[in-house]
Amino acid sequence: MGDITEHWSYHEFSCNCGKCKYKDGYQIDLELVKKLQIIRDVYGKPMKVNSGIRCPAWNFHEKGKRLSYHLPAQDCKAADIAMTDRKGRIVIVSKALELGLSVGVYHSKGFIHLDNRIEQTIF
């Protein structure tokens, strides 16, 4: 059981740097997590977060965009969800777009980027 929603926990969105985690006060956008819960319910299977919150140092390490939505400066509004299953991608992307999330599909890297920015974007 999650501590944010039924299936999502704070630790799943923690920075992968291994240093900052939540001790620096970073918190994932709760509206994003609520939408991820709806997507999870429709998908019907567990989903793994590859990357949630990124501290500036980890974002640089990951070659993330300077104004990445994973960053605290952008209110931690992004998550990368592991997904290699073609049918699963279709379900997740369709529901994410319906919920107004921005979507980036990185088929060759095996994940879907979802973020809760103001203007919906597909990339």
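Tell me, which residue of segment 112-123 that is part of a strand (DSSP E or B) and within 22 Å of Asp41 (Cβ to Cβ) is farthest from the chain's Cα centre (by Cα)? If you could, list the steps in order and put the result at the bottom.
Here is the first cut: in segment 112-123, the ones part of a strand (DSSP E or B) are 112-115, 122.
Narrowing further to those that are within 22 Å of Asp41 (Cβ to Cβ): 112-115.
On the way: Ile112: 8, His113: 6, Leu114: 5, Asp115: 6 Å.
This residue is Ile112.
Out of Asp115, Asp80, Asp75, which single residue is closer than 18 Å to His7 by Cβ and among the charged types (D, E, K, R)?
Details: Asp115 fails: closer than 18 Å to His7 by Cβ; Asp75 fails: closer than 18 Å to His7 by Cβ.
None of the others qualify; the one that does is Asp80.
For (1) touching an Asp or Glu at 6+ places or on another chain (Cβ under 8 Å); (2) without any contact (Cβ under 8 Å) to a residue 40 or more places away in the chain, each residue gets a yes or a no:
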| site | (1), (2) |
| --- | --- |
| Ala82 | no, yes |
| Asp85 | no, yes |
| Ala96 | no, no |
| Phe111 | yes, no |
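Read-outs: derived from the displayed coordinates by stated rules, not from any lab. All values reported here derive from a predicted model rather than from experimental measurement. Reconstructed Cβ throughout: ideal geometry from the backbone, glycine too, with neighbour counts over all protein chains shown.
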